[in-house]
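Below you'll find the structure, written out as structure tokens, and then a few comments.
The numbers here are math on the coordinates, done by the rules we state, and not lab data. On a predicted model such as this, the values are computed, not experimentally measured, just so you know. Glycine also receives a Cβ, built like all others from the backbone with ideal geometry; neighbour counts cover every protein chain displayed.
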Amino acid sequence: MSEYGSDVELNLPIHIDHDFDIDEDGVSSIVSLIYIGDNEDPLETRVDLEGVADELCEDYGDINGYQHLYSIAHEFTRLSERLRESAMRIEDTPAYIDDLFNLSDE
């Protein structure tokens with residue numbers, strides 16, 4: 001950065017939506033959609049989930065941080081069970097079973 005710059009304060013309303021995506025190659029990403037002001041077309045940024053895990057292992061991969069890694073791993077396990085239970089609930093609904101076997105109201 002230049003030594004001859006100046007600081008500017010911007011006051012913009014910003015809304016950020018976060019999502020999760022798995023592409024056709026099986027790459028999992030955290031997706032952030034950034035809405036600035038009244039603009040309905042968001043800016044999109046993607047972060048590779050595996051890269052996030054790699055960074056966590058690097059940042060906390062020592063005697064002072066390993067407990068943090070356990071805590072994060074516990075949260076991922078808890079959330080994976082929650083997602084799995086929700087998917088199973090949907091899969092077991094009569095509407096899903098009807099769609100699966102192409103049953104109709106005939």
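For this structure, a couple of remarks:
- Folded to 0 to 90 degrees: helix 66-91 orientation relative to the chain principal axis, Cα: 30
- Rel. contact order, % - alpha carbon contacts under 8 angstrom, at least six apart, the chain: 13
- Angle between the chain longest axis and helix 49-60 axis [Cα atoms, degrees, rounded to 10]: 50
- Taking 7 Å steps out from each Cα toward its Cβ at ASP21 and ALA53 produces label points 2.0 nm apart.
- Given charges at Cβ of Lys, Arg, Asp, Glu: the chain dipole, positive-most of ALA87, GLY37, ILE72: ILE72
- For percent of Cα pairs over 21 Å apart, computed directly from the structure shown, the correct entry in [x] 54; [y] 66; [z] 37 is [y].
- Label separation (LEU83 vs TYR66): 2.7 nm, computed from points 7 Å beyond Cα along the C-beta direction.
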